[in-house]
1. Within segment 47-54, is even one residue farther than 30 Å from Ala182 by Cβ, touching a Leu at 6+ places or on another chain (Cβ under 7 Å), modelled with pLDDT under 85 and not aromatic (Phe, Trp, Tyr)?
2. From Leu194, Leu149, which residue is over 13 Å from the mean Cα position of the chain (by Cα), under 20 Å from Ala110 (Cα atoms), surrounded by 20 or more Cβ atoms within 10 Å (Cβ to Cβ) and among the aliphatic types (A, V, I, L, M)?
3. Check Leu170, Leu139, Leu166 and return the single one that is closer than 30 Å to Ala98 by Cβ and not in a helix (DSSP H, G or I).
4. Out of Glu124, Glu143, report the one residue that is within 13 Å of the chain's Cα centre (by Cα), of a type outside the set (A, V, I, L, M) and modelled with pLDDT of 95 or more.
5. Hey, can you tell me all the residues within segment 125-165 that are small (Gly, Ala, Ser) and without any contact (Cβ under 8 Å) to a residue 12 or more places away in the chain?
Amino acid sequence: MRGLDAYFNQADLEAVRRAVDAAEGKTAGEIVPYVVLASDEYEGTLWRGAALGALLVPLVAAAIHELAGLWGPVLLWLALPAPLGAALGYLAAAVVPAVKRALTPAEVMARRVARRASVAFLEEEVFATAERTGILLFLSLFEHRVVVLGDSGINARVEAGEWQTLSDRLAAGIRAGRAAAALVEAVGECGRLLARRGVERRPDDRDELSDELRRRER
């Protein structure tokens with residue numbers, strides 16, 4: 001899987017920072033953008049790939065043996081396909097993101113991303129603002145999933161369902177390979193939504209949380 005620098009270069013990081021600064025200039029919300037390459041290792045998926053390979057490759061070998069009339073040593077046809085298939089399945093799940101996603105149940109990914117987002121919310125102390133107006137925009141790149149978590153001051157004004165359109169667009173941007181641009185757009189939309197919901201900037205408002213994009217491998 002590509003590293004984070006392949007998704008967000010220095011120009012992208014600055015664009016995100018400027019977008020957060022601009023959005024916060026119109027509202028009391030404190031937007032915290034946070035991105036991880038993946039929310040979990042999904043080790044169970046690697047073994048699922050191995051099991052699938054161990055089942056499929058012997059079937060393929062048997063079909064070749066039967067249809068092509070190839071014989072050769074019995075050991076080759078009986079003993080080798082299963083361990084070879086297990087190794088190939090494990091390797092495919094480990095190095096090909098699309099294969100790993102396909103073999104990981106959607107509900108498992110949803111739970112792991114939600115759990116990792118909750119950890120990020122606490123880790124970055126999104127709750128530590130005077131008016132409890134912190135908002136976490138959490139992106140998990142491997143899973144193509146987005147979680148938006150607002151603190152109590154935000155949740156009193158914005159319904160959880162109102163974040164869905166923003167989350168869906170941002171997730172679509174990840175799938176399309178434009179995570180950085182989609183995040184900049186999402187930050188702007190977040191600011192506009194907060195302004196529409198009356199999360200007004202106070203005269204003495206100050207920047208309580210950093211505008212920088214937080215980046216983690218896991």
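The values are calculated or read from the model by the stated rules, or taken from the named source; none is laboratory data. Bear in mind the structure is a predicted one, so any value in this text is a computation, not a measurement. Neighbour counts run over all protein chains shown; Cβ positions are idealised from the backbone, glycine included.
1. Taking every residue of segment 47-54 in turn, none turns out to be farther than 30 Å from Ala182 by Cβ, touching a Leu at 6+ places or on another chain (Cβ under 7 Å), modelled with pLDDT under 85 and not aromatic (Phe, Trp, Tyr).
2. One residue alone meets the criteria, Leu149.
3. Values: Leu170 fails: not in a helix (DSSP H, G or I); Leu166 fails: not in a helix (DSSP H, G or I).
Criteria check complete, one pass: Leu139.
4. Every option except Glu143 fails the conditions.
5. Quick first cut of segment 125-165, residues small (Gly, Ala, Ser) only: 128, 130, 134, 140, 150, 152-153, 156, 160-161.
Those that are small (Gly, Ala, Ser) and without any contact (Cβ under 8 Å) to a residue 12 or more places away in the chain: Ala156, Ala160, Gly161.
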